[in-house]
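Step one of this worksheet: look at the structure below.
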């Protein structure tokens with residue numbers, strides 16, 4: 001059996017607000033056609049678990065982006081993380097004693113590469129979120145409910161401040177992706 005690594009591809013901006021609509025079955029089919037194995041999608045926000053013999057996440061991301069443009073006609077930024085990288089992020093858990101609830105959301109903003117520009121503390125008072133930690137290719141953000149009743153979404157703010165492409169997931173979503181990816185690997 002060939003040596004493979006488990007990865008998760010995070011697609012930026014699909015199935016949001018009626019834009020770049022992609023069915024998960026079609027997305028998985030594109031990954032399989034690209035030669036990836038054990039492909040599985042997790043919820044419609046563009047999270048794809050897969051195995052590959054490739055070891056360079058930048059090359060894998062570029063390959064996936066090209067296939068997505070060819071198959072769906074959309075340019076979609078893709079960030080690829082190994083299962084080991086995600087395990088390290090979840091184990092780190094810089095949120096500590098901060099609890100999510102009706103007025104608090106925890107986000108992880110995944111970065112295409114390490115940022116030399118972005119520094120902490122990082123805060124947006126208008127959007128009511130604060131950066132707690134910046135580790136490797138991830139920023140950990142606490143968002144508090146605004147007066148409008150909505151939560152600020154940190155992705156565009158982080159991209160501007162750090163000067164890198166990013167995609168954001170709820171912390172609980174990242175934890176669930178890790179569980180699904182780990183369980184499948186152990187079967």
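The values are calculated or read from the model by the stated rules, or taken from the named source; none is laboratory data. Just so we're clear, the structure is a prediction, and the values are computed from it rather than from any experiment. For neighbour counting, all protein chains shown are included, and Cβ atoms are generated from backbone atoms with ideal geometry for every residue, glycine included.
From the list 111, 122, the lone residue that is modelled with pLDDT of 90 or more and either touching a helix residue (DSSP H, G or I) at 6+ places or on another chain (Cβ under 7 Å) or surrounded by 18 or more Cβ atoms within 10 Å (Cβ to Cβ) (or both) is 111. Restricting the search to the stretch 129-176, which residues are surrounded by fewer than 18 Cβ atoms within 10 Å (Cβ to Cβ) and part of a loop (DSSP other than H, G, I, E, B)? Hits for the stretch 129-176 are 136, 146, 147, 148, 149, 150, 153, 163, 165.
Just to check your reading of the model, which residue among 59, 49 is buried (at least 19 other Cβ atoms within 10 Å of the Cβ), over 22 Å from residue 133 (Cα atoms) and modelled with pLDDT of 95 or more?
Details: 59 fails: buried (at least 19 other Cβ atoms within 10 Å of the Cβ).
Residue meeting the stated conditions: 49.
Residue-level check: of (1) at pLDDT 95 or above; (2) surrounded by fewer than 18 Cβ atoms within 10 Å (Cβ to Cβ); (3) closer than 21 Å to residue 139 by Cα, residue 13 misses just (1).
Among the helices (runs of 4 or more DSSP H) contained in the stretch 1-105, which hold 1 or more residues that are over 16 Å from the mean Cα position of the chain (by Cα), in the same structural domain as residue 153 (by TED's automatic domain parsing) and touching a residue at least 24 places away in the same chain (Cβ under 8 Å)?
Numbers: elements: 24-33, 57-72, 83-92.
In the stretch 1-105, 83-92 are the helices (runs of 4 or more DSSP H) which contain 1 or more residues that are over 16 Å from the mean Cα position of the chain (by Cα), in the same structural domain as residue 153 (by TED's automatic domain parsing) and touching a residue at least 24 places away in the same chain (Cβ under 8 Å).
The condition of being surrounded by fewer than 20 Cβ atoms within 10 Å (Cβ to Cβ), in contact with a helix residue (DSSP H, G or I) (Cβ under 9 Å, 6 or more places away or on another chain) and closer than 21 Å to residue 52 by Cβ holds for only one of 95, 72, that being 72.
Inspect all residues belonging to the stretch 116-123 and state whether any of them is part of a helix (DSSP H, G or I), more than 28 Å from residue 21 (Cα to Cα) and not assigned by TED's automatic domain parsing to the domain that holds residue 40. Steps first, please.
Initially, the stretch 116-123 is screened for residues part of a helix (DSSP H, G or I), giving none.
Taking every residue of the stretch 116-123 in turn, none turns out to be part of a helix (DSSP H, G or I), more than 28 Å from residue 21 (Cα to Cα) and not assigned by TED's automatic domain parsing to the domain that holds residue 40.
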